[in-house]
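Participant: Provided herewith is a single structure, encoded as structure tokens, for subsequent inquiry.
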Amino acid sequence: MLEDEAYCTDILTQISAIQAALNAFNKELLANHIKSCVVRDIKDGKTEVVDELVNTLQKLMK
């Protein structure tokens, strides 16, 4: 779009749509991770997964 000299607002709109799609994907992936990997690790006594999850959430919330 930049090479085609698209209007800046159009570029910003496209970037916003891409960010929204990535956020939706991240939410789905995180939910699946919690429901499977995190739950399994906690059941197996690997509670360090909670710290890992907290760190991941902190990174995502920046």
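Participant: Pick from L22, L30, L12, L2: which is in contact (Cβ under 8 Å) with a residue 24 or more places away in the chain and either outside any helix (DSSP H, G or I) or not small (G, A, S) (or both)?
Facilitator: Exactly one residue qualifies, and that residue is L30.
Participant: Shifting gears a bit: Name every residue in the range 23-62 that is under 10 Å from the mean Cα position of the chain (by Cα) and exposed (fewer than 10 other Cβ atoms within 10 Å of the Cβ), in order of residue number.
Facilitator: K59, M61
Computed from the coordinates by the stated procedures, all read-outs in this text should not be read as laboratory data. Since this is a predicted model, take the numbers as computed values, not measurements. FYI the Cβ positions are ideal-geometry reconstructions off the backbone, even for glycines, and counts take in every protein chain you see.
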